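The values are calculated or read from the model by the stated rules, or taken from the named source; none is laboratory data. Since the model is a prediction, treat every value here as computed from it, not as a measurement. Cβ coordinates were reconstructed from backbone atoms using ideal geometry, including for glycine residues, and neighbour counts include every protein chain displayed.
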Amino acid sequence: MPTVCFSKQAIRDYLKNFGKGPNSKDHELLIGLALANFHEDVFLMPSNICFEIQSRYIPEFNGVKQVNLSLSEIEKIINLQKKEDTDIDVSIISNIGQGNMTARHFQLKRIFHATTKKIIDTVNGYSKRYPKTNTTLLIAILADNVEIDFPAIARGIATEIFPFSKLMYFGGSGNEILIGELWPSNGENTYSVQELVDVKGNEAKR
């Protein structure tokens, strides 16, 4: 499948100039930025934010390709050429074109009016809908001022039949964004929206 990869700065520039807000499809781009930062913090490798492209554009984007394009060209790819009907919503890829290239693929699911029980029930329900895959499931938690018990979620997942290779979460309150892994290991990083979108260089805040 043709895949196009952007630097973090390219995605920041796009969001500043064409962003429609977190309630639009831009949430995939913001999550991609958070994942790229999280990946760099954990694996200490520069990371690119990558998307599958519709098959009709294979001659233009065959294989995995890192691009350095104008903002208008980036806008065209994201809004017209990016594949939407896919089990992989975003990939984080390092060392593109090299023998040690690494790729981690993510399927994104938003859970509205989330509670601890609703998250457990929703995630366990995916076991009936998806086959086994090496893709990571990342749940974007949209809660109504309700405290989420993450250890309880990790305990409540039926891991013996869970179809994804990992379970991660994305959420936030106010200016803070949390991203972390729930299973099979656990860990969390905190970023601010300004750090993800505005700052060049080392964005992570421990």
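General remarks:
- Filter result (exposed (fewer than 13 other Cβ atoms within 10 Å of the Cβ) and more than 18 Å from the chain's Cα centre (by Cα)) within the stretch 98-117: 98, 99, 100, 101, 113, 117
- Strands (runs of 3 or more DSSP E) enclosed by the stretch 56-164 - at least 2 residues per element that are among the aliphatic types (A, V, I, L, M): 90-94, 102-112, 136-142
- Listed conditions (1) among the charged types (D, E, K, R); (2) at pLDDT below 90; (3) touching a helix residue (DSSP H, G or I) at 6+ places or on another chain (Cβ under 9 Å) are all met by residue 117, apart from (2).
- The number of residues in the stretch 5-17 that are part of a helix (DSSP H, G or I) and either of a type in the set (S, T, N, Q) or surrounded by 15 or more Cβ atoms within 10 Å (Cβ to Cβ) (or both) comes to 9.
- Scanning the stretch 169-184 for residues that are touching a residue at least 12 places away in the same chain (Cβ under 8 Å) and assigned to a loop (DSSP other than H, G, I, E, B), we see that the one that is farthest from residue 123 (Cα to Cα) is 175.
- So residue 158, is it within 15 Å of residue 34 (Cα to Cα) and of a type in the set (A, V, I, L, M): no
- Restricting the stretch 186-206 to residues that are of a type in the set (Lys, Arg) and farther than 19 Å from residue 17 by Cβ leaves a set whose member that is modelled with the highest pLDDT is 205.
- Residue, surrounded by the most Cβ atoms within 10 Å (Cβ to Cβ), within the stretch 38-84, restricted to residues that are at pLDDT below 90 and aromatic (Phe, Trp, Tyr): 61
- Residue in the stretch 118-135 that is in the same structural domain as residue 182 (by TED's automatic domain parsing) and under 14 Å from the mean Cα position of the chain (by Cα) present: yes
- Of all the residues in the stretch 2-41, those that are hydrophobic (A, V, I, L, M, F, W, C) and more than 20 Å from residue 73 (Cα to Cα) number 5.
- When the stretch 137-187 is limited to residues that are over 25 Å from residue 25 (Cβ atoms) and of a type in the set (D, E, K, R), the one that is surrounded by the fewest Cβ atoms within 10 Å (Cβ to Cβ) turns out to be 160.
- Criterion (in contact with a strand residue (DSSP E or B) (Cβ under 9 Å, 6 or more places away or on another chain) and either hydrophobic (A, V, I, L, M, F, W, C) or touching a residue at least 40 places away in the same chain (Cβ under 8 Å) (or both)) met by exactly one of 140, 152: 140
- Of all residues in the stretch 120-133, none that is modelled with pLDDT under 95 has its Cβ atom under 6 Å from the Cβ atom of a residue that is outside any loop (DSSP other than H, G, I, E, B), 6 or more apart or on another chain.
- Every residue from the stretch 97-124 that is hydroxyl-bearing (Ser, Thr, Tyr) and farther than 30 Å from residue 45 by Cα: 115, 116, 122
- Residue check for residue 143: at pLDDT below 90, within 20 Å of the chain's Cα centre (by Cα) and more than 15 Å from residue 165 (Cβ to Cβ): yes
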